[in-house]
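The values are calculated or read from the model by the stated rules, or taken from the named source; none is laboratory data. What you see is a predicted model, and the numbers here were worked out from it, not measured in a lab. Note that each Cβ is placed from the backbone with ideal geometry, even for glycine, and that neighbours are counted across all protein chains shown. These accessible areas exclude ligands, DNA and RNA; they are computed on the full protein's heavy atoms, side chains included. Shrake-Rupley method; radii C 1.70, N 1.55, O 1.52, S 1.80 Å.
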Amino acid sequence: MVTAYSATGNVNLAREVFGGTPKGMRDTVFYNAMITAHSHDNDGNAAIRLFCEMQRDGFRPDNFTFTSVISAVGLVAESEKHCQQLHCVVVKSGTGFVTSVLNALVSAYVKVALSPLVALPKCAKLDDARLVFNKMRVKDLVSWNAMLSSYVNSGRMNEAKEIFQEMPEKNLLTWAVMIAGLAQNGLGEESLKLFNLMKLQGFQPCDYAFAGAITSCAALGSLKSGRQLHSQLIRLGFECSLSAGNALITMYGRCGVVGDARNLFLTMSFVDSVSWNAMIAALGQHGHGVQAVELFEEMLKEGILPDRITFLTVLSACSHAGLVEEGHRYFDAMHDIYGITPGEDHYARMVDLLCRAGKFSDANDMIGKMPFQPGPQIWEAFLAGCRNHGNMELGIQAAERLFEMIPQNDGTYILLSNMYAAKGLWDNVSRVRKLMRDQGVKKEPACSWVEAENKFHVFMVDDTAHPEVNAVYSYLKQLVLEMRKLGYVPDTRFVLHDMESDQKEHAISTHSEKLAVAFGLLKLPRGATVRVFKNLRICGDCHNAIKYISKVVGREIVVRDGKRFHHFKDGECSCRNYW
DNA sequence: CTAGGGTTAG
């Protein structure tokens, strides 16, 4: 009965049945079932209390007891201590060689390593897990999968790949974990390759594997593969899967087609808070702040409780659409009505919102009100806002803080250098660049890509590697002539080096996003929307230039940069010049 | 009768 209630997620009923049973009528199995119920309910403390209680009542824990209670300690405070204690008890009890017990122990050490409740050293805990794993005499598939997901969850993909190779056998879960892991760690192409390999080896991908592959498409911007995966899902009858559906919402959003995301969201038969969050985020990233806020209000009306991620997405949506009032209201409601304590990330969104709107002193007040010291996220938001408004003094202050906190971050140097360059202060630009060199900081190379003729075409600045780059350059030249007639003047302030002005114009005309846009215009069907993706923020001159291009060619151009989407149409951009 | 790997949202 306890197990039945627990399996249906009804822990309270399970607890009632358990409590209503007199001690004389309980046995070890009965205790085990209740400990498991607590563990599945993520209530580690209750599981541990019951574990102690059964021993006081004179029952000796067996293999089942240990596996359950060990799997429950990961989420409680002091889990590290519990973990080691239980490890000792297990060894003393003589069950230290039982595979299932050790499997639970491996996962428990990993949970400790990943727990926000436990202080350093996290790596050491992960290596403890590996030690237990290495010493196991008999490893089964569960052991290998546990070790694999440990590395995946801690982002240690090289070790994960080794485990994946070494495993004597694999099941659906193995593939799903690896595909999702590669997707989340920025290895989308490898993830999609693995998804295909999985099918070649005779496995029918489960919806988790699909979700991972779809996430890769979202990161890469591969609308074509994403749509293919969507139709495969429908053919296989997975269209009700929440994880796959939610991944699809994100994929459509991140590939630039919010309308498709919305259609899917509206037709999904089951949705949860993740679906709502994903949909609100998609609207926000495209600058549809008002719609994002409306959807959020609808979510509340439907009685779905917002979580900390909901508020992160709502606050960003407000920020990108300049909804200052609403942002303030939701920030207060988060704590006052929904009892969620704002974290540094929430404050950072508020600072972003205020700075973007030019309200620097309000942003400073906000920082002053924080119950903790401002970290990098706060000053990054501040600096970006200063750059947008050309506020030199405050920008320099924010940059100084960032140099102290994260000297290796290339973004700080670039933002500051851009700010000086915009004012023509070339001495300062070269000073920042020297500082960057002295610190050994390398700028992440900018690249843009576009999907055409069934594959991705990647362009770097001043690209010479792409086989059709000459056609791209001559088409761009032609475009610029037309653009100049409409009033386009290249804005060479966005060139970081000081050089002769004709050189500057050349440098700026070969930025990767311009090349990718031109290539898309050449290769995609006449009139089709061009969707370009860039790893970093879009450059100011490119932003201006693409506005003109959209007017000259009479087509819609969508650019996803590192921060958000820009929809260019008829010479205007949806971001209203804030990015 | 009871146990040990996973997913999607920022």
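Some points to look at:
- Residue-level check: of (1) open to solvent by 10 Å² or more (accessible area, probe 1.4 Å); (2) among the aromatic types (Phe, Trp, Tyr); (3) farther than 22 Å from A:ASN10 by Cβ, A:PHE66 misses just (1).
- When the test is whether a residue is more than 17 Å from A:ALA108 (Cβ to Cβ), in contact (Cβ under 8 Å) with a residue 12 or more places away in the chain, within 8 Å of DNA strand B (Cβ to nearest atom) and open to solvent by 60 Å² or more (accessible area, probe 1.4 Å), A:THR3 passes it.
- The set of residues in the stretch A:518-535 that are aliphatic (A, V, I, L, M) and open to solvent by less than 40 Å² (accessible area, probe 1.4 Å) comprises A:ALA518, A:LEU521, A:LEU524, A:ALA528, A:VAL530, A:VAL532.
Quick grid of which residues meet (1) modelled with pLDDT under 90; (2) among the hydrophobic types (A, V, I, L, M, F, W, C); (3) more than 22 Å from A:VAL106 (Cα to Cα); (4) assigned to a helix (DSSP H, G or I):
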residue: A:GLY24; (1), (2), (3), (4): yes, no, yes, yes
residue: A:VAL29; (1), (2), (3), (4): no, yes, yes, yes
residue: A:ASN32; (1), (2), (3), (4): no, no, no, yes
residue: A:THR36; (1), (2), (3), (4): no, no, no, yes
residue: A:ILE48; (1), (2), (3), (4): no, yes, no, yes
residue: A:MET54; (1), (2), (3), (4): no, yes, yes, yes
residue: A:PRO61; (1), (2), (3), (4): no, no, no, no
residue: A:PHE66; (1), (2), (3), (4): no, yes, no, yes
residue: A:VAL69; (1), (2), (3), (4): no, yes, no, yes
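- Meets criteria (touching a residue at least 24 places away in the same chain (Cβ under 8 Å), of a type in the set (A, V, I, L, M, F, W, C) and in a helix (DSSP H, G or I)) for A:ILE234: no
- Looking only at the stretch A:558-579, and only at residues there that are open to solvent by less than 30 Å² (accessible area, probe 1.4 Å) and assigned to a strand (DSSP E or B), the one that is farthest from A:ASN388 (Cα to Cα): A:VAL558
- Qualifying residue in the stretch A:528-538 (condition: within 19 Å of A:CYS255 (Cβ to Cβ), of a type outside the set (Phe, Trp, Tyr), without any contact (Cβ under 8 Å) to a residue 60 or more places away in the chain and touching a His at 6+ places or on another chain (Cβ under 7 Å)): yes
- A:PRO407 being closer than 26 Å to A:LEU312 by Cα, loosely packed, with under 15 Cβ neighbours inside 10 Å and free of Cβ contacts under 8 Å to residues at least 40 places away in the same chain: no
- Test for A:GLY303: is it in contact (Cβ under 8 Å) with a residue 60 or more places away in the chain and either open to solvent by less than 20 Å² (accessible area, probe 1.4 Å) or more than 10 Å from DNA strand B (Cβ to nearest atom) (or both): no
- Residue within the stretch A:285-292 that is touching a strand residue (DSSP E or B) at 6+ places or on another chain (Cβ under 6 Å) and either open to solvent by 20 Å² or more (accessible area, probe 1.4 Å) or near DNA strand B (Cβ under 8 Å from one of its atoms) (or both) present: yes
- Residue satisfying all of: in the stretch A:238-271; open to solvent by 50 Å² or more (accessible area, probe 1.4 Å) and assigned to a loop (DSSP other than H, G, I, E, B); farthest from A:PHE311 (Cα to Cα) among these: A:PHE238
- Filter pass, A:LYS442 being open to solvent by 80 Å² or more (accessible area, probe 1.4 Å) and assigned to a loop (DSSP other than H, G, I, E, B): yes
- Any hit, the stretch A:502-510, residues being open to solvent by 70 Å² or more (accessible area, probe 1.4 Å) and of a type in the set (D, E, K, R): yes
- Lone qualifier among A:THR310, A:THR267 - being among the polar types (S, T, N, Q) and within 15 Å of DNA strand B (Cβ to nearest atom): A:THR310
- Criterion violated by A:GLU468 - all others in (1) open to solvent by 80 Å² or more (accessible area, probe 1.4 Å); (2) closer than 25 Å to A:GLY256 by Cβ satisfied: (1)
Yes/no per residue for (1) assigned to a helix (DSSP H, G or I); (2) at positive phi; (3) modelled with pLDDT of 90 or more:
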residue	(1), (2), (3)
A:ILE396	yes, no, yes
A:LEU402	yes, no, yes
A:THR412	yes, no, yes
A:ALA421	yes, no, no
A:GLY424	no, yes, no
A:VAL429	yes, no, no
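- All positions within the stretch A:315-329 that are surrounded by 24 or more Cβ atoms within 10 Å (Cβ to Cβ) and more than 10 Å from DNA strand B (Cβ to nearest atom): A:CYS318, A:SER319, A:HIS320, A:ALA321, A:GLY327
Yes/no matrix, rows are residues, columns are (1) in contact with a helix residue (DSSP H, G or I) (Cβ under 8 Å, 6 or more places away or on another chain); (2) on the phi > 0 side of the Ramachandran plot; (3) of a type in the set (Gly, Ala, Ser); (4) modelled with pLDDT of 95 or more:
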site: A:SER512; (1), (2), (3), (4): no, no, yes, yes
site: A:ASN544; (1), (2), (3), (4): no, no, no, yes
site: A:TYR548; (1), (2), (3), (4): yes, no, no, yes
site: A:GLU556; (1), (2), (3), (4): yes, no, no, yes
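- Just so you know, in the stretch A:204-220 the residues that are open to solvent by 20 Å² or more (accessible area, probe 1.4 Å) and within 8 Å of DNA strand B (Cβ to nearest atom) include one that is farthest from A:PHE565 (Cα to Cα), and it is A:CYS206.
For (1) of a type in the set (Asp, Glu); (2) in contact with a Leu (Cβ under 6 Å, 6 or more places away or on another chain); (3) under 28 Å from A:GLY289 (Cα atoms), each residue gets a yes or a no:
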| residue | (1), (2), (3) |
| --- | --- |
| A:SER222 | no, no, yes |
| A:GLY226 | no, no, yes |
| A:GLN232 | no, no, no |
| A:LEU242 | no, no, yes |
| A:GLY245 | no, no, yes |
| A:TYR252 | no, no, yes |
| A:CYS255 | no, yes, yes |
| A:VAL258 | no, no, yes |
| A:ARG262 | no, no, yes |
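- Those residues of the stretch A:106-128 which are of a type in the set (A, V, I, L, M, F, W, C), under 18 Å from A:CYS88 (Cβ atoms) and at pLDDT below 90, in sequence order: A:ALA108, A:VAL112, A:ALA124
- Selection of helices (runs of 4 or more DSSP H) fully inside the stretch A:288-385 by the criterion of at least 2 residues being among the aromatic types (Phe, Trp, Tyr) and under 30 Å from A:GLY259 (Cβ atoms) returns A:324-336.
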